[in-house]
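A short write-up of the structure that comes next.
Nothing in this text is a laboratory measurement; each read-out follows from the coordinates by a stated rule. Because the structure is predicted, anything quoted here is derived from the model rather than measured. Note that we place each Cβ from the backbone using ideal geometry, even for glycine, and neighbour counts take in every protein chain shown.
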Amino acid sequence: MSNHSDVLTPERCEVECLHPEHVAPLLGRILDYAGADRVAATFAILADPTRARVLHSLSLVGELCVCDLALLLGISQSALSHQLRMLRDRNVVARTKRGRVVYYRLADEHVRHVFNDGLRHAGEAEHLQGTGVA
């Protein structure tokens, strides 16, 4: 927890900041710790190769049943169910049950965009490493 004396005020900014014209407009707009924790938790859930493969698969087809997804990824249904439960608990995937079969899909377009942006970024980073630029 920060002290009141640690809080940057406009007055302190004018005296203590090297570039107050850059910092002052940001005062009161920066993500608080609770919000930052939620964002970090979202990215943390995506930071697993198996879950990334699950999301990639679902981003390509819309929805898949657990059996087909496990077969596609080459993992057991038990291992997949564990990963899907984690993704579902963080609202990254959603499920629909039809009869005895459970189908999974990305929870919404935000997830699709974040995943696709991450995929593009990873591809760019790989390309830059191959050229010796990174």
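Under a 5 Å amide H cut-off, with hydrogens placed 1.01 Å from N, Val102 pairs with Val66 among residues at least 5 apart or on other chains. Is the stretch 32-131 rounded, prolate or oblate when judged by the Cα gyration tensor, a ≥ b ≥ c being the square roots of its eigenvalues, rounded requiring a/c under 1.5 and prolate requiring a/b larger than b/c? Note, shape of the stretch 32-131 comes out oblate. Residues within the reach of a label modelled at Arg112 (point 7 angstrom out along Cα to beta-carbon, backbone nitrogen below 15 Å), restricted to the stretch 22-63, are 55-63. Normalised by the number of residues in the chain, the average gap of Cα pairs under 8 Å and 6 or more apart makes the relative contact order 17 percent.
Paramagnetic label reach from Val101 (point 7 Å along Cα→Cβ; backbone nitrogen cut-off under 20 Å): within the stretch 36-66, residues 54-55, 57-66. Annotation for Glu126 and Thr42: the two label points, set 7 Å from Cα along the Cα-Cβ direction, are 2.5 nm apart.
Ordering of 44-57, 113-126 by packing is 44-57, 113-126, highest average first (other Cβ atoms within 10 Å, averaged per residue). As a calculated quantity, the FRET efficiency between Ala94 and Arg12 at R0 = 41 Å, using C-beta atoms, amounts to about 0.35.
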